[in-house]
Amino acid sequence: MIKIWKECPLRDLNSFHVEEHADCIIEFDQKEDLDTIFAEANEPSKWFVLGGGNNILFTQRFDGTLIKPVGKAITIKAQIDDSVIVEAEAGVEWDDLVEWSVSNNLWGMENLSLIPGSVGAAPVQNIGAYGAEAKDVIERVHCFNVSERRHRTLGNAECHFAYRDSIFKQALKGKVIITSVEFRLSKSPQPNLTYGDLSKEVEARGGTSLRNIRDAVCAIRRSKLPDTAVLGNAGSFFKNPIVNKSIGEELKAQYDNMPIYPLSESKCKLAAGWLIDKAGLKGFRKGRVGVHDKQALVLVNLGGATGGEVIDLAHEVQLVVKEKFGIEIEPEVNIL
Ligand code: EPU
């Protein structure tokens, strides 16, 4: 079913809770609806897919159509040996799917508990946390190609997944609408407890079970990340920078306790949160916006801020980090 709204306030549709408007919002729950929405006669000239609005910053009025998938079906498609293929529609809340997988004793998503957002957004930026990424469990992605007006399916390899990146942010950016995602989950235990304090938190809950891992991840996230209902934010505002190994090693020689994650022979990843924190900006406030006091990677709306105020703060943070460490950090959030 298609629903259309005109002149829409966006405050409750973006987790930063900035006050902007969109010309139009169209909700759909069947992939075939997209054939109608994008039929030649009524095709919106400017459009953008709005999932849960958790990774987006509106800095001005959106003078186009926001397309919002709201289908919420979760279906078991196949069982192959130890694996179960599960298809979830784009409008399913990501964490509802994780809870469903844990309740059904299926392994693979538990480390991704409590990541805000919808299933349709998960492949776009290859969401990740606690040593796991969506790409580890995505089997294929179903989408609608707007200019070709046809439905397509991309296998995992075709999605070109990388750290917070995929073909949906590159070659297919602005071209497709994800309608559902298929995941491969495991019936037998596959715990992944290598990240930080996760194994300690799981032990404290009585040992390695799916439920304990989910509970531990939720507890860690709740202790560090602000609740968007209380303090508008979009999770990590910046990506962790990937730099040449020599640059990482030079900094490590200067700052003994700096986290550094090897990626390949020549590249390593640094923790943007640590760089911002060490630059003295954790808890920094500027008018109605600020750097979260428990996790410096998160920028927060302290109440009533505009997208422009958040951008100004982001620029300031980028500048200070660049001056102190010579490292450029880039936003992870979509800026519209
Ligand atoms: N750190 C600080 N100060 C801070 C924040 C972090 O010193 O204010 C240090 C930590 O002590 C740790 C390192 O930096 O040594 C990394 O911090 P953390 O484990 O909290 O993870 P992160 O790199 O800041 C990433 C993801 C998060 C995800 C966590 C856990 C990105 C951009 N962010 O953050 O994802 O939850 O790892 O796996 O990769 C999100 O994308 O919205 C998000 C929250």
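Observations on the model:
- Exactly one residue among 173, 169 is within 16 Å of the ligand (Cβ to nearest atom) and either assigned to a loop (DSSP other than H, G, I, E, B) or of a type outside the set (A, V, I, L, M) (or both), and that residue is 169.
- The strands (runs of 3 or more DSSP E) found wholly in the stretch 1-86 and carrying at least 2 residues that are closer than 27 Å to residue 333 by Cα occupy 3-9, 21-28, 47-49, 62-69.
- Any chance residue 187 is without any contact (Cβ under 8 Å) to a residue 24 or more places away in the chain and open to solvent by 40 Å² or more (accessible area, probe 1.4 Å): no
- Members of the stretch 244-266 found to be open to solvent by 20 Å² or more (accessible area, probe 1.4 Å) and either within 15 Å of the ligand (Cβ to nearest atom) or under 20 Å from residue 194 (Cβ atoms) (or both), listed by number: 252, 255, 256, 257, 259, 260, 261, 262, 263, 264
- Residue under evaluation residue 323, criteria (1) surrounded by fewer than 22 Cβ atoms within 10 Å (Cβ to Cβ); (2) within 15 Å of the ligand (Cβ to nearest atom); (3) over 24 Å from residue 12 (Cβ atoms), criterion not met: (2)
- Test for residue 214: is it in a helix (DSSP H, G or I), touching a strand residue (DSSP E or B) at 6+ places or on another chain (Cβ under 8 Å) and closer than 30 Å to residue 12 by Cα: no
- Some residue of the stretch 71-90 being within 12 Å of the chain's Cα centre (by Cα) and under 25 Å from residue 239 (Cα atoms): no
Condition check ((1) closer than 13 Å to residue 184 by Cα; (2) among the acidic types (Asp, Glu); (3) crowded, with 22+ Cβ neighbours inside 10 Å) across all residues:
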{"site": "76", "(1), (2), (3)": "yes, no, no"}
{"site": "93", "(1), (2), (3)": "no, yes, no"}
{"site": "128", "(1), (2), (3)": "no, no, no"}
{"site": "139", "(1), (2), (3)": "yes, yes, no"}
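- The stretch 102-127: number of residues that are part of a helix (DSSP H, G or I) and either over 15 Å from residue 52 (Cα atoms) or not assigned by TED's automatic domain parsing to the domain that holds residue 173 (or both): 5
- Any hit, the stretch 147-154, residues being of a type outside the set (Asp, Glu) and either within 20 Å of the chain's Cα centre (by Cα) or within 16 Å of the ligand (Cβ to nearest atom) (or both): yes
The values are calculated or read from the model by the stated rules, or taken from the named source; none is laboratory data. Keep in mind it's a predicted model, so treat the numbers as computed, not measured. Note: ideal-geometry Cβ built from the backbone for every residue, glycine included; neighbour counts use all protein chains shown. Please note that ligands, DNA and RNA were not included when accessible areas were found on the heavy atoms of the full protein model with its side chains. Shrake-Rupley method; radii C 1.70, N 1.55, O 1.52, S 1.80 Å.
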